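The numbers here are math on the coordinates, done by the rules we state, and not lab data. None of the values given here were measured: they were computed from a predicted structure. Note that each Cβ is placed from the backbone with ideal geometry, even for glycine, and that neighbours are counted across all protein chains shown.
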Amino acid sequence: MQQNDTRAGLWCVVPAAGRGVRFGAELPKQYVQLAGRPLLAWTLQRLAECRDIAGLMVVLAEHDAHWPGIESIGGKPVLTTIGAAERSGSVLAGLRALPDAVAPNDYVLVHDAARPCVRVDDIARLVAEGCAAGGGLLAAPVRDTLKRADEGLRVAATEPREACWRALTPQLFRRGELTAALEHAAALGIAITDEAMAMERMGHRPLLVEGADSNIKVTTPADLALAEYLLSKADR
């Protein structure tokens, strides 16, 4: 059920400028059909259902011919801007394009376009706990045994998993601090794989907020089939 009240200033940046080469489809991955709708449409709808999110900033590739021109979802504004070749550059572009009403000290969320199954209650918990902690991210404890490989792909060691977590999205940080962290990494030519990494490099210690394992990232056709199943059983 969609919740109606919003937290002023809390916008979500959705980087959707990638090509999804590993997926192997003719369309960019975010526009592949999932249960009769583009994958990106499912993701945006799920985010809009969260009462803490006031608006969505979708970061598109230049000359994106597939974006349907959505201006609002669930009564919440949807804005767009042009991204970059790398995800971190697209997130930075999205942060810079947010409305002026979003102050540097306001928190923002960043969520992968290819994660349509994120739970609304997980986002709400991230907002509540992450804001109190100065920033955080949804994550899941590693449950499998971890092996470190050598150059010949033979097991070099078994790694302890007790302190290991898989980083998920959304991730939550203050607009100004995250912008500065991404700009600093870009200036040094450092490849940033998620927002928490950029913040860690600036001395921050983001809070890990446990999220559902069903918050999968669609990377392969098999993931798409799993996402369709999970959406059919959706428990928000």
For this session: Could you work out the longest stretch of the chain that avoids the GluC sites (Glu not before Pro) located in DSSP loops with at most 10 other Cβ atoms within 10 Å?
Result: 72-150
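By counting other Cβ atoms within 10 Å of each Cβ, how are ASP194, ASP121 ranked from fewest to most? Don't skip to the answer; put the middle values down first.
Values: ASP194 19, ASP121 13.
Sorted ascending by nearby Cβ count, the order is ASP121, ASP194.
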Exercise. Along the charge dipole of the chain, which of ILE123, LEU27, ALA227 sits closest to the positive end, that is, farthest toward it, with unit charges on the beta carbon of Lys, Arg, Asp and Glu (+1, +1, -1, -1)?
Worked result: ALA227
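At 10 °C and 1.306 mPa s, what whole-number value in µm²/s does Stokes-Einstein give for the translational diffusion of the chain, with Rh from the Kirkwood sum over Cα pairs? Intermediate results must be reported in sequence, preceding the final value.
Numbers: Rh = 18.3 Å.
My calculation gives 87 µm²/s for D.
Pop the C-beta distance of GLN45 and ILE82 into the FRET formula with R0 = 25 Å and round what comes out to the nearest 0.05. Don't skip to the answer; put the middle values down first.
On the way: r = 23 Å, r/R0 = 0.92.
That pair, GLN45 with ILE82, gives E of 0.60.
Helix-derived [θ] at 222 nm for the chain: sum -39500 (n - 2.57) over DSSP H runs of at least 4, divide by residue count, nearest 500?
Values: 6 runs with 68 residues, N = 236.
When only DSSP H runs of four or more count, the value is -9000 deg cm²/dmol.
Note down, for region 100-210, the three equivalent ellipsoid semi-axes (square root of 5 times each alpha carbon gyration tensor eigenvalue), biggest first, whole angstrom. Intermediate results must be reported in sequence, preceding the final value.
Working: eigenvalues 157, 71, 30 Å².
In descending order, the three semi-axes are 28, 19, 12 Å.
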Seminar exercise, completed: ASN105 and ALA65 label points (each 7 Å along its Cα→Cβ direction) are spaced in nm at 4.8
Exercise. Among the lysines, which have Cα under 28 Å from the Cα of LYS233 when same-chain residues fewer than 8 positions away are ignored?
Worked result: LYS29, LYS76, LYS217
For this session: Round to the nearest 0.05 the FRET efficiency obtained for LYS233 and ARG201 when R0 = 45 Å and r is the Cβ-Cβ distance.
Result: 0.70
Seminar exercise, completed: For region 56-102, shape from the Cα gyration tensor axes a ≥ b ≥ c, cut at a/c of 1.5 then a/b versus b/c, turns out oblate
Seminar exercise, completed: The ³J(HN,Hα) series, computed from each phi in region 203-215 with the Karplus coefficients 6.51, -1.76 and 1.60 at θ = phi - 60°, rounded to the nearest Hz and given as x for glycine or proline, is x, 7, 10, x, 7, 8, 10, 5, x, 5, 5, 6, 6
